[in-house]
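Q: Mind having a look at this structure? Questions to follow.
The values are calculated or read from the model by the stated rules, or taken from the named source; none is laboratory data. None of the values given here were measured: they were computed from a predicted structure. Neighbour counts are summed over all protein chains in view; Cβ atoms, including those assigned to glycine, are modelled from backbone coordinates with ideal geometry. For accessibility, only protein heavy atoms count, side chains too; no ligands or nucleic acids. Shrake-Rupley method; radii C 1.70, N 1.55, O 1.52, S 1.80 Å.
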Amino acid sequence: MRSFTKIIIVVMLVTISLSLGYWLGSEQGAETVSNTPGVTTSQERKILYYRNPMGLPDTSPVPKKDPMGMDYIPVYEEEIQPSNHSTIKISTEKIQKLGVRTEAAVPRQLVRTVRAVATIQADEQKLYTLVTKFEGWIHRLYVNTTGQTVKKGQALMEVYSPDLIAAQHEYLIAMKGLHMVSESDRDVQLEMRRMVESTLQRLRNWDISEVELQRLQQENEVRQYVTLRSKANGVVLEKPSVEGKRFTPGEVLYQIADLSSVWVLADVFEQDLGIIHLGQKATIRIDAYPDKVFNGEVAFIYPMITPETRTAIVRIELPNKQGLLKPAMYARVEFSSFHTDDKVLAIPDSAVLDTGTRRLVLVDVGKGRFEPRTVKLGMRADGYVEVLGGLETGETVVVKANFLIDAESNLQAALSGFGHSSHPATTEDKHPTEDDTVSEAVSSHRHQGKGSIEAIDFAHATVTLAHGPITSLNWPAMLMDFRLSDPSWLRSLKPGQQIVFEITEESAGEYVITHIHPVDAHAAGNQQRE
């Protein structure tokens, strides 16, 4: 009984001390407001009602005391939870500690990037295999190393073949007979001419070059060793031939590839094949040349899926005039695909809270209040996701620390009525300072330039420009990479194009292209305005 009495006394003392502290604070605040010149009644906090100090469900429109003599506590207008019971309220101090960052939902041109690994392969349409249609032996090799470069018509080897010797003898006999019947009937002469052409045609069918045939016609003598020549420019990929080797009809003696153009074979996962199409532009990077970017187009999509990797091969054809690209090199390919020609409402994908059954975002409704809202999402593309429903253009969502807000407010409890902050934040109008005004003026200043496009990176919406001097920035002529503010402009650009452009400083030292036009289109536009 005594313990229970002590507990009652302690509770009463704590309650009285809290009430006394609140009363003293209220009196001091009232005195401060009344003694502060220039304070109007519009800045005073509006009391809506008074609540029971012990938490009982009893309110009063006027000040009063409870049966124990304790004053009812005033409830101010800003402390009332909005009608939307799901709104989460966080104090300004807590928001700053959490590092909350927001971003507005705005229409964007979504560019989805598919990344794949690839290998460089020789163009199958430019492969040449040297085989013979007769039996023989290799007497001498003129090209005797793998990787050696050869040209069309270059001598590869000398061979000995009884079939070739017999064919040469037949040709010489036919030529001698033609001379002997030069004064005979016309029909006899025509028959001998057919025999001469027949023997030459047999040599041609055995792929003996015209150079060797002309030598035979001019010298009129049989050569024991006949020279075999290359039929294409290229590089020797395989050379199974050695001097003295016996070969049979159909046996491969050389494998030659023309590497003036190569194939890039990319392994694309089957779930990404839907956005790959013929003619689509691709950006290729080679580990051996980290400073170079190669641009190509999709030439063919193979109709088979590799069961082990669940990938399909996508072929890109690249010119290789400098010979930098070599077969079996590894490459990284990025395919860029525009979702639609029009812009769609999109938000950063970091703003989405996926509960497993629905997708939520935290909408900033102002004054430290955040509203969890269910959204319907569409395509994802490089850090952004399309919003099909649940948000309107211009609404601001939390993109950083949204999980911390979720943990801080206990989202599940907030959906059933989250409590108020004990110290609601007051909003004050922030007037821009002189430094802010100067900074805004500098950042919005645009600089014009002219140049040519060296390379295009569709995946990152950047172009490499060789531009002339930019006087307003004191820049000399140089080669620089710039990001475009609108990725859709890339579709009308191509390497080697002469362009005029405008740039603006988006952040410290980072310039972004805000306008870009080909020189011809720009000149036509100026003439039209004139």
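Q: Taking interchain pairs and intrachain pairs at least six residues apart, which have beta carbon atoms under 6 angstrom, with the first residue in the stretch 245-270 and on the phi > 0 side of the Ramachandran plot and the second open to solvent by less than 40 Å² (accessible area, probe 1.4 Å)?
A: No pair meets every condition.
Q: Moving on to the next point. Quick one: residue 459 ticks every box in (1) at pLDDT 70 or above; (2) part of a loop (DSSP other than H, G, I, E, B); (3) open to solvent by 70 Å² or more (accessible area, probe 1.4 Å) bar one, so which box is it?
A: Condition (3) is where residue 459 drops out.
Q: For residues that are touching a Pro at 6+ places or on another chain (Cβ under 8 Å) and part of a strand (DSSP E or B), scanning just the stretch 96-118, find the one that is surrounded by the fewest Cβ atoms within 10 Å (Cβ to Cβ).
A: Applying the first criterion (touching a Pro at 6+ places or on another chain (Cβ under 8 Å)) to the stretch 96-118 yields 103, 109, 111.
Filter once more, keeping what is part of a strand (DSSP E or B): 103, 111.
Numbers: 103: 15, 111: 19.
That would be 103.
Q: So which of 464, 504 is over 19 Å from the mean Cα position of the chain (by Cα) and either part of a strand (DSSP E or B) or of a type in the set (S, T, N, Q) (or both)? It would help to see each step written out before you state the result.
A: Numbers: 464 fails: over 19 Å from the mean Cα position of the chain (by Cα).
Result: 504 is the single residue among 464, 504 that is over 19 Å from the mean Cα position of the chain (by Cα) and either part of a strand (DSSP E or B) or of a type in the set (S, T, N, Q) (or both).
Q: Please pick out the residue among 473, 388 that is modelled with pLDDT of 85 or more, touching a strand residue (DSSP E or B) at 6+ places or on another chain (Cβ under 6 Å), open to solvent by 30 Å² or more (accessible area, probe 1.4 Å) and more than 30 Å from residue 285 (Cα to Cα).
A: Working: 473 fails: modelled with pLDDT of 85 or more.
Criteria check complete, one pass: 388.
Q: With the condition kept exactly as written, say whether any residue in the stretch 355-369 is in a helix (DSSP H, G or I), at pLDDT below 90, surrounded by 13 or more Cβ atoms within 10 Å (Cβ to Cβ) and not charged (D, E, K, R). Explain how you work it out, then say what you get.
A: To start, the set of residues in the stretch 355-369 that are in a helix (DSSP H, G or I) comprises none.
No, there is no match, as no residue in the stretch 355-369 is in a helix (DSSP H, G or I), at pLDDT below 90, surrounded by 13 or more Cβ atoms within 10 Å (Cβ to Cβ) and not charged (D, E, K, R).
Q: Under the condition of being touching a residue at least 40 places away in the same chain (Cβ under 8 Å), assigned to a strand (DSSP E or B) and among the polar types (S, T, N, Q), which residue from the stretch 305-347 is surrounded by the most Cβ atoms within 10 Å (Cβ to Cβ)?
A: By that ranking, first place goes to 336.
Q: Residue under question is residue 156, and the condition is that it be open to solvent by 50 Å² or more (accessible area, probe 1.4 Å), among the aliphatic types (A, V, I, L, M), under 60 Å from the mean Cα position of the chain (by Cα) and within 27 Å of residue 125 (Cα to Cα); does it hold? Before the answer, list the steps.
A: Numbers: open to solvent by 50 Å² or more (accessible area, probe 1.4 Å): no; among the aliphatic types (A, V, I, L, M): yes; under 60 Å from the mean Cα position of the chain (by Cα): yes; within 27 Å of residue 125 (Cα to Cα): yes.
So residue 156 does not fit the description; no.
Q: Please go through (1) out of contact with any His (no Cβ under 7 Å at 6 or more places or on another chain); (2) surrounded by fewer than 17 Cβ atoms within 10 Å (Cβ to Cβ); (3) modelled with pLDDT of 90 or more for residue 143 and return the number of the only condition it doesn't satisfy.
A: The single condition residue 143 does not satisfy is (2).
Q: Right, here's the next one. Looking at the stretch 1-18, can you tell me whether even one residue there is open to solvent by 80 Å² or more (accessible area, probe 1.4 Å), modelled with pLDDT of 75 or more and farther than 30 Å from residue 313 by Cα?
A: So far as the stretch 1-18 goes, no, none of its residues is open to solvent by 80 Å² or more (accessible area, probe 1.4 Å), modelled with pLDDT of 75 or more and farther than 30 Å from residue 313 by Cα.
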